[in-house]
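Undergrad: I'd like to ask you about the structure that follows.
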Amino acid sequence: MAPIIRHLLVLSLLVAVIASGDDLLDEYVRHVDDVNRISEKPNKSDQRSTPKRNRRDLPNQWTHSEILDNVGDVVLRWQPRHREILFRVEARTKGYVAIGFSPDGGKEHADIVMGWVDDRSLRAVLLDCHGVPDSQGSVPIKDEIDNYTLMRGTQNDTHTVIEFRRVLDTCDPNDYVLTADTVVVIWAYHDQDPRLGAEMIYHGDKRGAQSLHLLGPPPIPKARGANIRNWDVTLQNFEFKDNMNTMYWCKIFKAPTLQHKHHIVGYEPLIGPNHTSFVHHMILHECELDYRDDFAKWERFSKENGQLCYGASVEPEWEKCLTPLVAWAIGSKGENFPKHVGLPLAAKKNAFYMLEVHFDNPSMRKAQDTSGLRLHYTSELRENEGGIFSTGVVLSTLHFIPPYQREYRTAGYCSMDCTKEMFPKEGIHVVSVMLHSHLAGRKLKLRHIRAGKELPPLAQDDHYDFNYQQSRALSQDVIILPGDGLVTECTYSTVGRNKPTFGGYSTKEEMCLAFVLHYPRTELAGCYSMPPIKYFFKILGAYKFYGKSMEQVEEIFLHGETETSPVTPPTPVKPLFPYTPGDEMSPEANRRAIIALQNAKDYTIEGDSQEGQTLFDKLIIEEPDEFRNKSFMDHLQDIQFNESLITEKIEEYFYTSLHLTFCRKRDDSLAIKESIITFPNFTVYSDDQKVHCSLKLKRSPSFSVSVSANLMALIPAVFLVLQSCL
């Protein structure tokens, strides 16, 4: 009779589960786990320093992984699916571990899930919680609706492992909507289990945060094999002075001597110990040398420690090192290229490169640094030779962002004429995109226009994190055809700023750029736009300046000013406007940016010294009468930018009206003459495939329904079997 009773109990359980709509497979997994935990006895295999694995820990189940702390005590693994995402967290603790999704890295308003394995029953527990303001307590509170599904949980003498899943958008206001945007993952753990019904134990200092891209394609693994070699391009005991808050340091390196062309297949940063916060960005430039150059002199350069990149004593020959080969920015872990793409590594007997490292040192500390880049290259050439071009807003003071703005958009336009001129007829294939702005950036997007219609964005991030500038690999190569247009759109927040923000190299200034890895390699280096100069001043209310016509002002911005003397012939001088449009890597631009940073007040580039002043300080308004005798900079700072009608009109004019466009080649020449064009009209892209919020989803609906239907169909047969047993 006992077997019959067991069958009836199992049948009643199945019917109850089906009626509740619960996931049968999950219930079965939990049942088996519970039986195994109760029946298993500790053995020597459990006495390990890493989590125990079994058949369900398939290598390909977890397509992504990240060490959340610096030592590997907290590891997050995950697998995105169509409408849900699976997680596995491994923590070096026998207590609880918590993972949260936060809009800003803080606990307040964070979506938090807490898990542990009870030390007595060995049963896993998972709680759906959310953070509250510190004024309401220091520990998270449990959600009224549970939107997380526990898959399994295990524990050994050193680690706790919790696996769970949830839908991307749960419809619950206490849950974070998971998208392709950057998300700040917060973590914490404690060495004790919480007591259910009692106040949660505070985790103390065992906590942290890490920005991630959760929904991107699986990362490309580092290339391995006998033909993969590394070239470390690093500084050697570089001394950072304690009297400088920012520094651009350059050093020449000689490339490995290669008998034939090789391909770079990836790179990673090598950051000196305890100096992660110092290194802001690194760029490795190619030095374009030919037979006329003194190679013995370059050999000497490569053996020296380097120089200030833009100091007065910099070697003039270093101006030949202009073309970026690899660019790294803060927060990035580098990039591995797909197996069908490689970047060329020079096969010349004498090939030289220049490493530029930007150090930020706001606390004015003295330190030694050994940072740099490690390039992975191979003799087995990839199918396609790739390159990088940048697009966006020209780096200039005409890139203007008003203060007091919750959201303010700017746009750089890569014209259809430029892509028509530079791309082959079959187009280029985009592999990855790195979006870049500075501290005011909040949302970035690279828009793609074809034949009057906007296509899906090549890259987009509505939660941009300046400290996590990881390139975004595309799920599949996307083709840009000749005649397509690109729009780099940046949305800024300047709520806490009381003065205008301008374009520049300082993190107090702004950029709006996208770096596009593509193949085949073309001669295009940069495709940009900026407001036409006359148009810029007119929109902001200045029609005429003393001593200079608007045509002369435009000439100064674009080509510099000429000083004349009764005795000597005309002498050209550097532009008062510190950047040559289309040349964002100009050494002079960097030098003036550093001067502006040192003299900066709040978030302006207004300086005290004559050299630090901008053209905006020197232009005195003659017309209109109401602004007469004011410098243009003073005029800007007097505009009522807290009036939304004013700033909305300014945003509209600069975004959707006239753009001065530049199409720059790798040799710094313009492929086509700069031209003023009207921003194109196009049908805006509508994301019909966007995932809308849904109730708790444990399996895809079709899978759950089919399983439930099949089991319901089996119930009569089960009754017949039981009857025969009676």
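Undergrad: Given LYS445/LYS499; LYS142/LYS508; LYS420/LYS548; LYS499/LYS649; LYS349/LYS445, which pairs have Cα atoms separated by over 30 Å?
TA: Check vs 30 Å cut-off fails for LYS142/LYS508; LYS420/LYS548; LYS349/LYS445.
Undergrad: Starting from the Cα-Cα distance between ARG224 and HIS340, subtract it from 0.36 nm times their residue separation and give me the gain in nm to one decimal.
TA: Computed gain between ARG224 and HIS340 is 40.3 nm.
Undergrad: While we're on this one: Can you pull the one-decimal nm distance between simple spin-label points at GLN236 and ASP477, each 7 Å off the Cα toward Cβ?
TA: Each label point is offset 7 Å from its Cα along the Cβ direction, giving 4.1 nm.
Undergrad: Using a/c under 1.5 as the rounded threshold, could you call the range 83-185 rounded, prolate or oblate? The axes a ≥ b ≥ c are square roots of the C-alpha gyration tensor eigenvalues, and prolate needs a/b larger than b/c, oblate otherwise.
TA: Prolate, because a/c is 1.5 or more and a/b exceeds b/c.
Undergrad: Would you check the accessible area of VAL71, probe 1.4 Å, heavy atoms only, in square angstrom rounded to 10?
TA: Counting only protein heavy atoms, VAL71 exposes about 120 Å² to solvent.
Undergrad: Under a 1.4 angstrom probe, counting protein chains only, how are PHE164, PHE515 ranked by accessible area, largest first?
TA: Ranking PHE164, PHE515 by accessible area, largest first, yields PHE515, PHE164.
Undergrad: Next question. Apply the Karplus parameterisation 6.51 cos²θ - 1.76 cosθ + 1.60, with θ equal to phi minus 60°, to every residue of the range 226-233 and state each ³J(HN,Hα) to the nearest whole Hz, in sequence, with x for glycine and proline.
TA: 5, 8, 8, 10, 10, 10, 8, 10
Undergrad: For the range 453-511, give the percent of accessible area contributed by carbon and sulfur heavy atoms, probe 1.4 Å, rounded to a whole number.
TA: The computed percentage sits at 47.
Undergrad: Would you please give the FRET efficiency between GLN637 and GLN368, computed as 1/(1 + (r/R0)^6) with r the Cβ-Cβ distance and R0 = 41 Å, to the nearest 0.05?
TA: So the FRET efficiency works out to roughly 0.50.
Undergrad: Count the net charge of all other residues whose Cβ sits under 13 Å from the Cβ of PRO269, scoring Lys and Arg as +1 and Asp and Glu as -1.
TA: Local net charge: -2.
Undergrad: Rounded, prolate or oblate, given the Cα gyration tensor of the range 471-526, with a/c below 1.5 counting as rounded?
TA: Because a/c hits 1.5 or more and a/b exceeds b/c, the range 471-526 counts as prolate.
Undergrad: Leaving ligands and nucleic acids out of the surface, order LEU122, LEU258 by accessible area at 1.4 Å, largest first.
TA: LEU122, LEU258
Undergrad: Enter the accessible area of VAL314 (Å², nearest 10), with the probe set to 1.4 Å and all protein chains included.
TA: For VAL314, solvent-accessible area is about 50 Å².
Undergrad: So if we plug the beta-carbon distance of VAL177 and GLU288 into 1/(1 + (r/R0)^6) with R0 = 41 Å, what FRET efficiency do we get, rounded to 0.05?
TA: The formula returns an efficiency of 0.30 here.
Undergrad: Hey, another quick one. Keeping all protein chains in place, calculate the accessible area per residue for the range 423-492 (probe 1.4 angstrom), answer in Å².
TA: The answer is 35 Å² per residue.
Undergrad: Classify the range 613-689: rounded, prolate or oblate, from the alpha-carbon gyration tensor (a ≥ b ≥ c, eigenvalue square roots; a/c under 1.5 rounded; otherwise prolate if a/b is larger than b/c)?
TA: oblate
Undergrad: Could you calculate the FRET efficiency of LEU455 with VAL495 from 1/(1 + (r/R0)^6), where r is the beta carbon distance between them and R0 is 35 Å, rounded to 0.05?
TA: With R0 = 35 Å, the Cβ-Cβ based efficiency is 0.60.
Undergrad: While we're here: Starting from the residue with the highest accessible area, list ILE646, ILE85 in decreasing order, probe 1.4 Å.
TA: ILE646, ILE85
Undergrad: Treat each spin label as a single point 7 Å out from the Cα along the C-beta direction, and report the ASN305 to ASN70 distance in nm.
TA: With each label placed 7 Å out from Cα toward Cβ, I get 2.5 nm.
The values are calculated or read from the model by the stated rules, or taken from the named source; none is laboratory data. Only a predicted model underlies this, so the values are computations on that prediction, with no experimental measurement involved. Positions of Cβ are backbone-derived with ideal geometry, glycine not excepted, and every protein chain shown enters the neighbour counts. Heavy atoms of the whole protein, side chains included, go into the accessibility calculation; ligands, DNA and RNA do not. Shrake-Rupley method; radii C 1.70, N 1.55, O 1.52, S 1.80 Å.
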